[in-house]
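Where a number appears in this text, it was derived from the coordinates with a stated rule and is not lab data. Note that the coordinates shown come from a computational prediction; the quantities given were computed from them, not determined experimentally. Ideal geometry is used to build each Cβ from the backbone, glycine not excepted, and the neighbour counts take in all protein chains shown.
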Amino acid sequence: MERKLRQFQIDAFATRVFEGNPAAVVPLDRWLADATMQAIAVENNLSETAFFVPEGGAYRLRWFSPGGEIDLCGHATLASAWVLFELLGHAGRAIAFDTRSGRLVVERDGKRLAMDFPALPAQPCPAPAALLAGLKRQPVELLAADDYFAVFENEEDIRTLAPNLAELSKLDRRGVCITAPGRSVDFVSRFFGPKWGIPEDPVTGSAHCTLTTYWATRLGKSRFIARQLSRRGGELHCELRGDRVRIAGYAVKFLEGEIVVPD
């Protein structure tokens, strides 16, 4: 038996195609087997493929990278909400997703979509040898939450860093985020997740749950414009609200089609 499914590819944190972070979005009326969803994610070979099912007035949302299911993803949540609002006729101002990281709400913010995510503060930590070997530079500060966060002096440090991904893949956390003050924005970053099959993530919404808390303390304010300096690049509007972080951005559709999978 085969099952035909709609699939969308959305560029999140982008105002035009070929920018931001592409995510695949597969709406479902009932769940596929976990192995099938994982195989679709591998086939898509994007940093994330999102699947959602209507459930109790909200949606159950799950995210799969090529390396496995993950606990929190910003850009694929933004992409899923955009599909529901713009293509699937969701009525109302907000959408609630139930996820491994609790309930996440996405609402319209003018032409942007704004996500309500948990704040994930990082703590100072010693530098693992694989991290220093992977970055090939000594950060001015190192912290850890779900990922390692290496702070550098300036934007040029972030732009020019060329990591040893084999070394970074040895680390015990999801990935490595590097960050520094920005020239034209409040702060900049890049994110590497080779352990999960993601050499460099174009725009990492979930990392901004930690970046926002860090820069709020360092800069003494709560609202930020951030830019991720990957080759594709992406802009995020972030705000710390107590123990939550509001992350807003734009999204555009690149692809709409049909996939055929075993049922």
Whichever lysines have a C-alpha closer than 22 Å to that of K4, once near sequence neighbours (fewer than 8 apart) are set aside
K253
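How would you rank I198, I259, going from fewest to most other Cβ atoms within 10 Å of each one's own Cβ?
I259, I198
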P(r) of segment 90-241 over all Cα-Cα pairs, binned every 5 Å from zero, in whole percent:
2, 9, 18, 22, 21, 14, 8, 4, 1, 0, 0
At R0 = 45 Å, FRET efficiency that the Cβ-Cβ distance of E141 and M1 yields, to 0.05
0.25
Quickly work out the A133-to-T217 label distance, labels modelled 7 Å from Cα along the C-beta direction, and quote it in nm with one decimal.
3.0 nm
Looking at the calculated P(r) for the chain, what percent of the C-alpha pair distances fall above 34 Å?
14 percent
Please give the Cα centre distance for segment 170-233 versus segment 137-157, rounded to the nearest Å.
10 Å
Value at 222 nm in deg cm²/dmol, rounded to 500, when DSSP H runs of n ≥ 4 in the chain each add -39,500 (n - 2.57):
-5500 deg cm²/dmol
Which of H90, H237, H75 fluctuates most in a GNM of the chain (C-alpha springs under 10 Å)? That residue is H90
Just need the relative contact order of segment 1-120 here, percent rounded to a whole number, with Cα pairs under 8 Å and 6+ apart.
19 percent
Cβ-placed point charges (K, R +1; D, E -1), dipole of the chain about Cα centre in debye, nearest 20:
480 debye
For I259 and R241, extending 7 Å from Cα along the Cα-Cβ vector and measuring point to point gives, in nm, a value of 3.2 nm
Quick calc, R30 & N164: beta-carbon distance into FRET formula, R0 35 Å, rounding 0.05, result 0.20
If the cut-off is a Cα-Cα distance under 13 Å, which aspartates and glutamates reach K136, setting aside same-chain residues fewer than 8 apart in sequence?
D157, E167
Based on the Cβ-Cβ distance of H90 and F18, what FRET efficiency does E = 1/(1 + (r/R0)^6) give at R0 = 25 Å, to the nearest 0.05?
0.45
Taking the DSSP beta bridges in the chain as the whole, what percent of them are antiparallel, to the nearest 5?
85 percent
